[in-house]
Amino acid sequence: MATAKGDGAVGALELQAAIGFNGHVPCGLICHPDTEHILYPLGCTVVIQHLDTKKQSFLHGHTDNVSCVVVSGDGMYVASGQVTCIGFKADIILWDFPKQELLARLSLHEGKVEGLSFSPRGIYLVSLGGQDDGRVTVWDVSKREAVCGSPASPRSAGNANVIMCSSCRDEMFVTAGNFTIRVWELDTATKKIHPSECYMGQLKRIAVCVQITDDDDDFYLGTTSGDVLKMNTSSKVVTACGPQKKKFSMHVHLAQSPWLKPPEGLNSLVLRAEGKVPNALETKLHQKYASESTAKEAVTQGHEQDAVPFGGPKEKAKAQSQTTVQSGVTALLLLKTGGLIVGTGEGAVALCTGSDFQVKKRMQVEGGVTSLTCRGRDDQFFIGTNKCQMYRSAYTTFKEELVAVCHTKAVNDIVFPAGHSDLFVTCSTNDIRVWYTPERWERLRITVPNVTCHAVEVTRDGMVIISAWNDGKIRAFVPATGQPMYEINNAHNLGVTAIAATSDCKQIISGGGDGQVRIWNIGEKTQKLREVLKEHRGAVSCIKINKNDKEGVTASLDGTCIIWDLVRYVRKQMILGNTLFKCVCYHPGEYQLITSGTDRKIVYWEVVDGSAIREVQGSLSSSINGMDITSDGAYFVTGGDDHLVKLWDYKEGAVTHVGVGHSGSITRLKICPANKHIVSVSTDGAILIWKYPSSG
C-alpha cells in the first residue's frame, strides 16, 4: 500500500461565510459603536458582519466555544472569552477591531470565562470566571497584564453570573449572581479591589443580566424570578421593580418561498408536518395544507391588543392575581431616552417607561431572549434568542423583523440539488431547511416535531426531498412548498439512518439502525418494498449509487462496506476494515471507492474485487465523519471530529488545503456542483461556506 505525503506546506481554505449564531451566550449579540457592524459568537469564532452589505469577517484564535464577547466604548478593542475542560486555563483574547488582529491572550481563569466588561475609557478589562473559578480579575489593557483579582462572591452566597463596569468611572464595576450583588472599587495605588455588599433585605434573587445608567446613579438587574431589581449605587439599597404579570403569545411569520428562484425579501416558510400523511399527493391533501397554511399557520407577526403592565410597587396587589414569567427576565437594554427594554425567557420583549415600569409597547419573538443591543442612539436595536435567531426592531415602531436564522442543534446531513450550486438542503432535529447560498438565507423550513432527521436527499429531477428519520419513517416533501408527499411507515425498526435515490427517481434505497438495506419502488401514488438485503450487522451510515443505477455501495458501523448488484439484489463484494465506516464515495470513473471512519484512515479500494490499493492517514487524532469528491475526481474533501476541513489531491493522496473554523465535530460536507465552494456542517449547528481553491 502507498503511504500519503506529509501535510507539509498546505494552503488555508478561505472561509467565505458562516450560517449560525450561538444564541445561548448571554449578551453575545453586540452592535459595534460605529453602528455599521454587529458581532456575535459562533463556535470558537467571533463573527463580524457589516449590517448593510452582509459581508462577514472572522476572529479565529479560540480553541473551544466562545462564552462571552464585549466591545470597548470607543470600538477599538474586542475581548472574548471561552470555555475549556475542567482543570485547564480558559483564555481571554484581546483583539484589535480595526485591524481584526489578535493583540494578547490573557489566561488566568479556569474552566470558563463567564463575563467580560471594559471600563468607560477602555483602560481596564474586567473578567469574571465561571463556577469552577469564581474569581474576578482586573486587566490593564495597554500593558496586557493582570492588575489584581479577588473571589467574586462571599462564601455565604452563590456564584456570580454577570459583571458590568461603570458608565463614568474606570475604577468601579458591579458583579451579581445567586443572592449576591457587589459594587467594587479599584485602588490604583495598592492595586487591590474592594467590594461593598448591597443590602437586599428579604429579596432572594438570582441575577442574570445587568445595565447601568449613564450617570452611574442606578443599576438594573434582571432576575430568574421574572422581576427587575433596581440598585442605587450610593446607598447600596436594592429594591424590586415588580414581576411581569402576563405571558405574551407566540406568533409565527410565514410566507411562500419558491424553489430554485432568488428570494423575495427575508421571510421564511415554516410547515409543520404532524401526524400521518397519505401515501400520495392528492387534491385533498393540497387543499388541506393550503387552508391550514392560510388560516392557522400563515399568521404574520402581530401584537396583542391588551395592555400588559410590567409591574411596580403600586401594582403589587394586582400582581398577585397575574401570571409571572417562569423563565425570568433574561436581557435588559437601557435607552438614552430613559426607557427600559426588557427581554424574557419566554420570548417577550417589552418597552417599559415611568417609575412604575408600565409596558407601553411589546412584541413576541421565537425563543428566550438572551441579547438586546442598541444601534446608534435608540433608533434601532437587535434581539438575539436561544433559538439562535436574530431580530431587528425600530424603537418607534417596535415591530420585530427576522434577520437571521440557523439550526439550533447538530446538523446531520447536507446535499446540493443536482446542477444547482446556489441551493443546498440540511437536516437536524425537528426540521429540514433549504438555504440560498448567495444571501445565506433560509428559503424553506419543514418542521416535524420531536423527531430527528438523520439523512436527506434530493432526487435528480429536483422534484422531491426524501429524508430518513429516527422514528423509522421515510418522509418525502415537495421542494417548492415543503408540503408532505408521502410517508413510508416502519421503514426500519431502529430508525432510518441513511438514504439515497436512483437517478431515474423510481427507487429509494434506505439503510437502518438494524443494519438492513431496503429497496423501495416509488410510484406516483404508491410506495412498495421491493427487496430487503440483510448482510450488515450494524447501523448503515452511508449509501451511494453509481450513475447507471445498477450498482450501489453501503457503509456500516459493523466494519464492512458492501457493493451490491441492484439488478439481481445480491452482494458483489464485501470490504472489511478494522473500523466503523462513516463515509464512502465512488470515484466519478466508478472503478474505485474511497472510505473512512473511526480508524482515521482514508482507504482506496478497487470496485471489481474489493481489494485495498492505497491507505493514507486522514486525521492524527479522531474519526472522519464526512467525505465528498469533485465531479472530475481530481480532489476530495474530508471532515470529522478534529473540526478540520481538509481538501485532498486524489492522485497524490495528500492534503492541499485545510479549513479551521468549526468548534464542533464535522458531520458532513459537500462540494457544490460547480466547484465554487465547499459547505460543511457540524454538531454545534454551524454551517460554514468555504471558497473552493482556484487551483490545487
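Data overview
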quantity: Qualifying residue in the stretch 569-583 (condition: β-branched (Val, Ile, Thr), in contact (Cβ under 8 Å) with a residue 24 or more places away in the chain and within 16 Å of residue 535 (Cβ to Cβ)); calculated: yes
quantity: Residues (open to solvent by less than 80 Å² (accessible area, probe 1.4 Å), of a type outside the set (A, V, I, L, M) and at pLDDT below 85) located in the stretch 196-216; calculated: 201, 216
quantity: Selection count where residues are in a strand (DSSP E or B) and either buried (at least 16 other Cβ atoms within 10 Å of the Cβ) or out of contact with any Asp or Glu (no Cβ under 8 Å at 6 or more places or on another chain) (or both), scope the stretch 104-153; calculated: 31
quantity: Unique match (being open to solvent by 20 Å² or more (accessible area, probe 1.4 Å) and either in contact with a His (Cβ under 7 Å, 6 or more places away or on another chain) or closer than 19 Å to residue 13 by Cα (or both)) among 665, 682; calculated: 665
quantity: Qualifying residue in the stretch 52-69 (condition: open to solvent by less than 10 Å² (accessible area, probe 1.4 Å), farther than 28 Å from residue 155 by Cα and not hydrophobic (A, V, I, L, M, F, W, C)); calculated: no
quantity: Residues (assigned to a strand (DSSP E or B) and more than 18 Å from residue 163 (Cα to Cα)) located in the stretch 89-103; calculated: 89, 95, 96, 101, 102, 103
quantity: Those residues of the stretch 517-548 which are farther than 17 Å from residue 498 by Cβ, among the charged types (D, E, K, R) and open to solvent by less than 60 Å² (accessible area, probe 1.4 Å), in sequence order; calculated: none
quantity: Unmet requirement for residue 174, which otherwise passes all of (1) closer than 22 Å to residue 82 by Cβ; (2) of a type outside the set (Gly, Ala, Ser); (3) open to solvent by less than 20 Å² (accessible area, probe 1.4 Å); calculated: (1)
quantity: Count of the stretch 551-587 residues which are over 33 Å from the mean Cα position of the chain (by Cα) and assigned to a loop (DSSP other than H, G, I, E, B); calculated: 6
quantity: Residue 157 free of Cβ contacts under 8 Å to residues at least 24 places away in the same chain, touching a strand residue (DSSP E or B) at 6+ places or on another chain (Cβ under 6 Å) and among the hydrophobic types (A, V, I, L, M, F, W, C); calculated: yes
quantity: Among residues of the stretch 535-576, those that are aromatic (Phe, Trp, Tyr) and within 22 Å of residue 589 (Cβ to Cβ), counted; calculated: 1
quantity: Total residues in the stretch 70-103, condition open to solvent by 60 Å² or more (accessible area, probe 1.4 Å) and β-branched (Val, Ile, Thr); calculated: 1
quantity: Test result for residue 433, of a type in the set (Lys, Arg), crowded, with 20+ Cβ neighbours inside 10 Å and in contact with a Lys or Arg (Cβ under 6 Å, 6 or more places away or on another chain); calculated: yes
quantity: Those residues of the stretch 185-228 which are of a type in the set (Val, Ile, Thr), over 17 Å from residue 119 (Cβ atoms) and assigned to a strand (DSSP E or B), in sequence order; calculated: 206, 208, 223, 228
quantity: Unmet criterion (only one of (1) touching an Asp or Glu at 6+ places or on another chain (Cβ under 8 Å); (2) at pLDDT 95 or above; (3) assigned to a loop (DSSP other than H, G, I, E, B)) for residue 518; calculated: (3)
quantity: Residue in the stretch 602-622 that is nearest to residue 687 (Cα to Cα), counting only those that are surrounded by fewer than 19 Cβ atoms within 10 Å (Cβ to Cβ) and either hydrophobic (A, V, I, L, M, F, W, C) or within 32 Å of the chain's Cα centre (by Cα) (or both); calculated: 622
quantity: Candidate set from the stretch 493-516 (those that are in contact with a Lys or Arg (Cβ under 7 Å, 6 or more places away or on another chain) and farther than 13 Å from residue 466 by Cβ); member that is least open to solvent (accessible area, probe 1.4 Å); calculated: 515
quantity: Pair list, Cβ < 6 Å and 6+ apart or interchain, from the stretch 392-409 residues that are touching a residue at least 40 places away in the same chain (Cβ under 8 Å) and farther than 26 Å from residue 681 by Cα to residues that are open to solvent by 30 Å² or more (accessible area, probe 1.4 Å) and not basic (Lys, Arg); calculated: 400/301
quantity: Matching residues, the stretch 154-171, being surrounded by fewer than 19 Cβ atoms within 10 Å (Cβ to Cβ), of a type in the set (Gly, Ala, Ser) and closer than 16 Å to residue 119 by Cβ; calculated: 167
quantity: Top-ranked residue of the stretch 9-19 - restricted to ones that are touching a residue at least 60 places away in the same chain (Cβ under 8 Å) and open to solvent by 10 Å² or more (accessible area, probe 1.4 Å), ranked as nearest to residue 67 (Cα to Cα); calculated: 15
quantity: Residue, least open to solvent (accessible area, probe 1.4 Å), within the stretch 344-381, restricted to residues that are in a strand (DSSP E or B) and more than 25 Å from residue 230 (Cβ to Cβ); calculated: 364
quantity: Breaking point among (1) open to solvent by 20 Å² or more (accessible area, probe 1.4 Å); (2) over 18 Å from the mean Cα position of the chain (by Cα), for residue 24; calculated: (2)
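Condition check ((1) part of a loop (DSSP other than H, G, I, E, B); (2) among the small types (Gly, Ala, Ser)) across all residues:
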site: 625; (1), (2): no, no
site: 636; (1), (2): no, no
site: 642; (1), (2): yes, no
site: 655; (1), (2): no, no
site: 658; (1), (2): no, no
site: 663; (1), (2): yes, yes
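The values are calculated or read from the model by the stated rules, or taken from the named source; none is laboratory data. Just so it is clear, the structure is predicted and the values come from calculations on it, not from any experiment. Counting neighbours? That spans all protein chains shown, and the Cβs are built from the backbone with ideal geometry, glycine included. Surface areas here come from the heavy atoms of the whole protein model, side chains and all, with no ligands, DNA or RNA. Shrake-Rupley method; radii C 1.70, N 1.55, O 1.52, S 1.80 Å.
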